[in-house]
Amino acid sequence: MNEKIKKGFTLVELILVISIMGILTSVLVPCAAGYINRTKQAKVEQLARQISLAVYNDYLDEEKYDSSSIINSIKDMTNGNIENLTVPSAMDAYNKVDIGFKSSGINYVVTVWPLSGNYEVK
């Protein structure tokens, strides 16, 4: 009756489990990074839309372009969740405004046409 009772895992079993976990991790990490990037893009698109609406609404209310009023409107519409906001003092010759802001550490420029409310993110 000298039977040994086997307790625990063998080295091969542990290496197998660790290698399977490594393979799963290598597959899942890029997927998670893609979701994070899409979330950041959606946030920027939402901020750009809020900025364009603020410029358009302010232009309709004032019937002229006023950068200080637009800055206040943008800060109100975005609840202050915007960094490094730059608003030009006048529209350019094409009746558009390039508004810069920073989100998630990246600088963006939103081109807004106040007469129509259209916008483009760069």
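Details
- The single residue among 70, 51, 20, 74 that is without any contact (Cβ under 8 Å) to a residue 12 or more places away in the chain and not small (Gly, Ala, Ser) turns out to be 20.
- Test result for residue 17, in contact with a Pro (Cβ under 9 Å, 6 or more places away or on another chain) and modelled with pLDDT of 85 or more: no
- For region 89-116, the tally of residues that are surrounded by 15 or more Cβ atoms within 10 Å (Cβ to Cβ) and out of contact with any Ser or Thr (no Cβ under 6 Å at 6 or more places or on another chain) stands at 10.
- Qualifying residue in region 45-68 (condition: closer than 14 Å to residue 110 by Cβ and of a type in the set (D, E, K, R)): yes
- Exclusive hit being within 20 Å of the chain's Cα centre (by Cα), surrounded by 15 or more Cβ atoms within 10 Å (Cβ to Cβ) and of a type in the set (S, T, N, Q), set 39, 78, 86: 78
- Members of region 41-72 found to be of a type in the set (Ser, Thr, Tyr) and within 15 Å of residue 89 (Cα to Cα), listed by number: 59, 65, 67, 68, 69
Matching residues to (1) of a type in the set (Val, Ile, Thr); (2) in a helix (DSSP H, G or I); (3) closer than 27 Å to residue 77 by Cβ:
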residue	(1), (2), (3)
29	yes, yes, no
32	no, yes, no
37	no, yes, yes
41	no, yes, yes
49	no, yes, yes
52	no, yes, yes
61	no, yes, yes
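- Residue match in region 78-100 (condition: touching a residue at least 60 places away in the same chain (Cβ under 8 Å), in contact with a helix residue (DSSP H, G or I) (Cβ under 8 Å, 6 or more places away or on another chain) and not aliphatic (A, V, I, L, M)): no
- Per-region count, region 1-17, residues in a helix (DSSP H, G or I) and either exposed (fewer than 10 other Cβ atoms within 10 Å of the Cβ) or in contact with an Asp or Glu (Cβ under 7 Å, 6 or more places away or on another chain) (or both): 2
The values are calculated or read from the model by the stated rules, or taken from the named source; none is laboratory data. All figures in this text were calculated on a predicted structure; none of them were measured in a lab. Note that we place each Cβ from the backbone using ideal geometry, even for glycine, and neighbour counts take in every protein chain shown.
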